[in-house]
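For reference, the structure is listed below as structure tokens.
The values are calculated or read from the model by the stated rules, or taken from the named source; none is laboratory data. Treat the numbers as computed from the prediction; the structure is a model and nothing was measured. All Cβ positions, even for glycine, are placed from backbone atoms using ideal geometry, and neighbour counts span all protein chains on display. Surface areas here come from the heavy atoms of the whole protein model, side chains and all, with no ligands, DNA or RNA. Shrake-Rupley method; radii C 1.70, N 1.55, O 1.52, S 1.80 Å.
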Amino acid sequence: GGISIFINDSLEYKHRHDLNIMLPHMECLFIEMKFDNQLYLIGGIYRIPKTSINSFIDHFNKLIEPLKSTHKLILLGDYNIDLKRNDNYKNEFELCLQSNYLIPTILKATRVATKNLNGQEIISETLIDNILINYNTNYQSGIIESSITDHYSIYVMLPEITKITNTEPDIIKYRAINFMSQRFFNNNLCNSDIIQSLHNNNAESAYMQYSNIFDDVYNKSFPIKNKIISSKDKEKPWINDSLVSRLKIRDKLNKLANNKKISRKIYTDFRNKVTYQLRQAKAKYYDEKFVANAGNIKKTWEVINSVIKPKKVRPKVSLTDETGNKHKESLIPNTFKDYFTNIADKLTSKIPHHKMMLHHIYKIEYIIPSYSTQ
């Protein structure tokens, strides 16, 4: 179990603590955002497996019903109610959604699992993950099939709240030099007229003839390409285009194995091979880094620290008052100071003032010693 919502630093939001639920059968987390004077409520919902579905539906309805008239809803979750199965639970959940003007955006199986039963491989497909939105919302949704987990990733895009950024992407230029392009270059060079430059008696003219033919063949065989550098490229620079292609093949084989079109062993063998190649590429990348910086202690330690001490993104501190409004960042230090310096005064002000004598509060006994006459 457990729910988290990741939010871009550039977005303003309010954590709705009043809507959070932690029950044996249900967990919820909500944030509120505003776009064009319209309030949106984004929730992460999880129904714990092997618990009462009826209790979940009842609590879900009580939670959502008061909100449907004040907010547009986007509810992402693992509901553990199979919408592909035609049973009473599915019908009751769909009825609950309809009464709250909600529709599911995911219509295909989100979890495909295989298990052996009496020596036979059985594949089960369930639609238990979904994103629920208001019925009158324009959207695009889909499933990202991958072998990372047994649940496929799901997504939804809402044009009405899409934020357009003016940030230009990082683009690099490169030449794809690999085994196939090298063969193409050798073949083209052999079939060119470069040998004719040897029969040119003018040295300057022969050089220009040779250079032009060579450059032309080289540029055709290894053309300059543009590539947008993503965050993954920066985090894992050892993953080249060839490995990316193999990762895509791995995911396609997983899909074919789940659909029983190929043997699962074909997929697992290829997956293990790709995993080994990824580890080898990573080791080679850092070996080359150490060799390149062998004479520079500072650079060498930078490489070491990049491995053993990855950069931590420290979140910004934000404070909210009792009404849920955020304090300005510049006021946070003074807010902390005022809070802690006034704790003693607040506590003492809560102590009741009664005009009572000390001996009424504490029973004081005096012990008088007795002396013997002997």
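For the reader, a short list of remarks on this structure follows.
- Distance cut-off 22 Å, percentage of C-alpha pairs in segment 1-119 lying past it: 40
- At an R0 of 51 angstrom, the distance between the Cβ atoms of L198 and T70 translates into a FRET efficiency of 0.05.
- For the chain, the carbon plus sulfur part of the accessible surface works out to 54%, probe radius 1.4 Å.
- Solvent-accessible surface (1.4 angstrom probe) belonging to L23, in square angstrom, nearest 10: 60
- Separation of the I143 and T341 label points, Cα + 7 Å toward Cβ, nm: 6.0
- Percentage, to the nearest whole number, of Cα pairs in segment 194-239 over 14 Å apart: 65
- Shown are R250, R183, R279, whose ranking by accessible area with a 1.4 Å probe and every protein chain present, most to least, is R279, R183, R250.
- Note on S181/S306: beta-carbon distance plugged into 1/(1 + (r/R0)^6) with R0 of 25 Å gives a FRET efficiency of 0.20.
- Exposure rule at most 11 other beta-carbon atoms within 10 Å, DSSP loop GluC sites (Glu not before Pro): the chain longest free segment: 13-321
- Once both labels are positioned 7 Å from their Cα atoms along Cα-to-Cβ, the gap between K284 and D170 label points is 2.2 nm.
- Considering only alpha-carbon pairs that sit under 8 angstrom and 6 or more positions apart, the relative contact order computed for the chain is 9 percent.
- Across segment 1-63, Cα-Cα pairs farther apart than 17 Å form 45% of the total.
- Calculated over segment 76-218, the projected area of the Cα convex hull averaged across directions stands at 18.1 nm².
- Debye log10 I(q)/I(0) at q = 0.09, 0.11, 0.13, 0.15 Å⁻¹ for the chain, Cα point scatterers: -0.88, -1.11, -1.30, -1.42
- Extension gain for D215-L189 works out to 8.3 nm (0.36 nm per residue, less the C-alpha to C-alpha distance).
- Average Cα contact separation per residue, segment 159-240, under 8 Å, 6 or more apart, as relative contact order %: 48
- Per the Debye calculation on segment 247-303 with a single equal scatterer at every Cα and no solvent contribution, log₁₀ I(q)/I(0) for q = 0.22 Å⁻¹ amounts to -0.78.
- Principal axis dimensions, largest first and in whole angstrom, of segment 181-306 by Cα: 66, 51, 24
- Using the Cβ-Cβ distance between I122 and N8 with R0 set to 30 Å, the FRET efficiency from 1/(1 + (r/R0)^6) comes to roughly 0.10.
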